[in-house]
Amino acid sequence: MRTWLAYLLIATLIIVPFIIWGDWFMDFFSEGKAIEWLQNYGQWAWAVAILLLLADLFLPLPGTVIMSALGYIYGPFVGGLLATLGGIAAGVLAFALCRGLGRKAAVWILGEEGLAKGEKQYAKNGSWIVAISRWLPVLPELIACMAGLNQMKWRPFLVGLICGSVPLGFVFAYIGYSGIEYPYLALIISAGLPPLLWLIARYFLKNLSSSDI
């Protein structure tokens with residue numbers, strides 16, 4: 001029960017800013033405005049974009065629009081790399097902040113039983129869950145936080161995070177570069193890439209660690 005309350009609390013903290021300020025941020029960072037705004041920073045546009053992707057943990061910023069703007073400014077390859085880097089950095093920050101609370105805080109929030117179940121779940125399926133979550137609304141931040149709170153190990157977390165973030169970053173950078181408004185086929189195909197990449201990574205890494213990936 002306490003585990004579900006923790007999920008609900010974190011989800012609420014993520015969703016409430018969207019309800020209050022979401023429309024303003026969506027309008028301010030509409031794709032054309034986001035491109036123009038970032039271009040005003042000249043050679044530092046990439047750094048500002050990554051900082052915005054990090055801030056997306058706390059503010060209702062449209063992360064995929066920022067990724068698309070990177071694609072428009074820097075092209076599909078460099079823009080994709082930067083968008084991927086920003087997505088990975090945001091996931092690492094959320095995970096590290098919650099994992100850094102420590103086991104005592106996790107027990108206080110989740111309870112002994114809830115933490116034991118969570119640790120088992122994230123040790124067994126956490127990497128897969130993290131990879132899939134990157135393509136869904138709200139869940140990227142929620143899952144990264146809960147993975148950290150449940151003391152998931154770094155290596156499987158990073159495997160899942162990278163497998164989910166690479167397709168996301170490159171697809172939206174390509175969308176921004178090409179100007180495709182409704183790239184349904186690209187989105188559907190690329191949404192299926194995280195589990196495929198995860199399976200490949202798991203195959204090569206399963207013998208390198210005793211962690212469950």
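Details
- Applying the Karplus relation 6.51 cos²θ - 1.76 cosθ + 1.60 with θ = phi - 60° to the stretch 60-73 yields 3J(HN,Hα) values of x, 8, x, x, 5, 5, 5, 4, 5, 4, 4, x, 5, 6 Hz, where x marks Gly and Pro.
- The ranking of Thr12, Thr64 from fewest to most other beta carbons within 10 Å of each one's beta carbon is Thr12, Thr64.
- Ordering of 160-170, 123-133 by burial proxy (mean other Cβ atoms within 10 Å per residue, highest first): 160-170, 123-133
- Our estimate of slack between Trp154 and Gln43, defined as 0.36 nm per intervening residue step minus the Cα-Cα distance, is 36.7 nm.
- A simple rule links phi to the HN-Hα coupling: the Karplus curve 6.51 cos²θ - 1.76 cosθ + 1.60 with θ = phi - 60°, which for the stretch 116-123 gives 4, 5, x, 4, 5, 5, 6, 5 Hz, with x for Gly and Pro.
- The stretch 113-154 versus the stretch 58-111: alpha-carbon centroid distance in Å: 14 Å
A short reminder: the numbers here are calculations on the coordinates, not readings from a lab. Since the structure is predicted, the reported quantities are computational estimates derived from the model, not experimental observations. Cβ sites come from the backbone with ideal geometry, for glycine too, and all protein chains shown count toward neighbours.
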